[in-house]
Amino acid sequence: MAERSDLPPLWVLRHGETTWNAQNRLQGRLDSPLTPLGVAQAEAQGRILRAADIPVDATVRVSPAGRARRTADIALAGLCWPVTVDPDLAEVGLGDWQGSTRDAIRVAHPGIDFESDRHMWKFRGPGCEPLSHMVTRVGRVLRGLSGPTVIVTHGVTSRVLRALALGMAPERLSDLPGGQGVVHHVADGRARLLCLESEKARQQKGD
């Protein structure tokens, strides 16, 4: 993987809220549409991007999932950066758990510690994508970047990508903030959370 000093600046977005997010249902490689709140979050991300002084030669990479592509369409409306759909930006594959609610998984697997292990458990279920596989494909994304890039992806994918870009062990992905309706700026080995004033209080409480 490229050293963090070799990486161009990144602006990383998670898709807006979906109907399954609102139901606390796991999506993984499945998909569901944005809610009205999700559309508003994508619109907020667009305002953040327009205020971020992103170079005119930036490019965009988007997950192939419908919820990410819809978020990109809304957030990037009127902007002329070239867009590439990159399958390596797909969300973690959740195997047999895709489409299940967290409550159902908690009943079936009472040993999972959802509170202190907020994300690593998603790699351990039946048929789930291993973390090592995700690191490989997300590393390909980073190695393929040649200039300032806006990335529209998913919650777990965003964290793994930012962990690698910051030189962190990917197992520490839960140490990084998430959030919908915000933008994560990574440059020169540092990360900043960009959000509108109306979002700041909610983001301070976590996602």
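Residues considered: 83, 60, 12. Largest GNM mean-square fluctuation over the chain, using C-alpha springs under 10 Å, is found at 83.
The simple spin-label model puts a point 7 Å past each Cα toward its Cβ; for residue 118 and residue 106 those points are separated by 1.6 nm.
Once divided by 2.2 N^0.38 Å, the Cα radius of gyration of region 86-207 becomes 1.11. What you get for region 1-156, charging only the Cβ of Lys and Arg (+1) and of Asp and Glu (-1), is a dipole of about 120 debye around the Cα centre. Size estimate for the chain follows the Kirkwood approach: the inverse of mean 1/r over distinct Cα pairs works out to 17.1 Å.
Taking every full run of DSSP H in the chain, none both stretches at least 30 Å from end to end by Cα along its long axis and averages 0.5 or higher on the Kyte-Doolittle scale. Computed about its Cα centre, the charge dipole of region 97-198 is approximately 300 debye, with only Lys, Arg, Asp and Glu carrying charge at their Cβ. Extension gain for residue 194-residue 169 works out to 6.7 nm (0.36 nm per residue, less the C-alpha to C-alpha distance). Give the separation of the Cα centroids, region 130-167 to region 20-87, in Å. Measuring centre to centre over Cα atoms gives 16 Å. Each Lys and Arg Cβ is given +1 and each Asp and Glu Cβ -1; about its Cα centre, region 10-67 then shows a dipole of about 180 debye. Distances longer than 15 Å among the Cα atoms of region 1-95: what percent of all pairs is that? Every Cα pair in region 1-95 considered, those over 15 Å come to 63 percent.
Comparing 147, 155, 111 in a Gaussian network model of the chain, where Cα atoms under 10 Å apart are tied by springs, the biggest mean-square fluctuation is seen for 111. Once the Cα-Cα distance is subtracted from the 0.36 nm per residue extended length, the residue 73 to residue 57 segment shows a gain of 3.9 nm.
Rule-based calculations on the coordinates, nothing more; no lab input. Predicted, not measured: the structure shown is a model, and the values here were computed from it. Reconstructed Cβ throughout: ideal geometry from the backbone, glycine too, with neighbour counts over all protein chains shown.
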